[in-house]
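What follows is one structure encoded as structure tokens, with my remarks underneath.
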Amino acid sequence: MNIYTAMVYAKSPRTGLDTNYFVGYVSASNLEEAIRSYEEDNMPWVTVIAEAKEIDVVKDIKKEYTDTINPREIVKDMNYDDFMDWLSISEGRDYIESAIKAFSKEGDDLLDYVLIMKQFLKDKYGDRSEE
């Protein structure tokens with residue numbers, strides 16, 4: 001298996017400039033399979049640009065993964081609109097519920113994010129007690 005880098009080329013909401021945004025890495029046998037994996041996930045706008053072969057890249061992948069599961073790293077450069085965008089592209093109810101748990105463990109200074117996520121869940125999916 002190879003590791004491929006995925007990017008999205010889009011207009012920055014902050015600057016208005018066309019910008020490359022890192023999406024993540026995908027493990028696949030070849031480039032076509034890597035591209036197909038995003039198409040099958042209904043994300044055809046994601047471009048797979050390169051195969052990552054360097055050992056340092058694997059270390060970077062681990063660091064980026066760790067950073068993406070650390071609530072403080074997730075929100076450190078986000079304003080409210082960025083955070084709402086992140087929520088809107090999240091991977092469903094279970095993902096947001098796990099994020100709420102992770103953010104809750106970080107302390108009171110992330111409480112506003114927890115409240116926003118709880119309201120977002122309620123607005124998007126309804127109250128679990130109604131199920």
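The values are calculated or read from the model by the stated rules, or taken from the named source; none is laboratory data. Predicted, not measured: the structure shown is a model, and the values here were computed from it. Positions of Cβ are generated from backbone atoms using ideal geometry, with glycine treated the same way; all protein chains shown enter the neighbour counts.
So residue 34 clears everything in (1) modelled with pLDDT of 80 or more; (2) over 11 Å from residue 6 (Cα atoms) except one condition, right? Which one?
For residue 34, the exception is condition (2).
Filter the range 37-61 for residues that are among the hydroxyl-bearing types (Ser, Thr, Tyr) and at pLDDT 80 or above; which is surrounded by the fewest Cβ atoms within 10 Å (Cβ to Cβ)?
Here the answer is 37.
In the range 93-112, which residue that is within 16 Å of the chain's Cα centre (by Cα) and not small (Gly, Ala, Ser) is nearest to residue 70 (Cα to Cα)?
Filtering the range 93-112 for residues that are within 16 Å of the chain's Cα centre (by Cα) and not small (Gly, Ala, Ser), the one nearest to residue 70 (Cα to Cα) comes out as 103.
Keeping to the range 9-39, report how many residues are of a type outside the set (Ser, Thr, Tyr) and assigned to a loop (DSSP other than H, G, I, E, B).
Number of matching residues: 5.
With modelled with pLDDT of 85 or more and under 18 Å from residue 23 (Cβ atoms) as the only criterion, which of 82, 109, 123 stands out?
Selected residue: 82, the only one of 82, 109, 123 that is modelled with pLDDT of 85 or more and under 18 Å from residue 23 (Cβ atoms).
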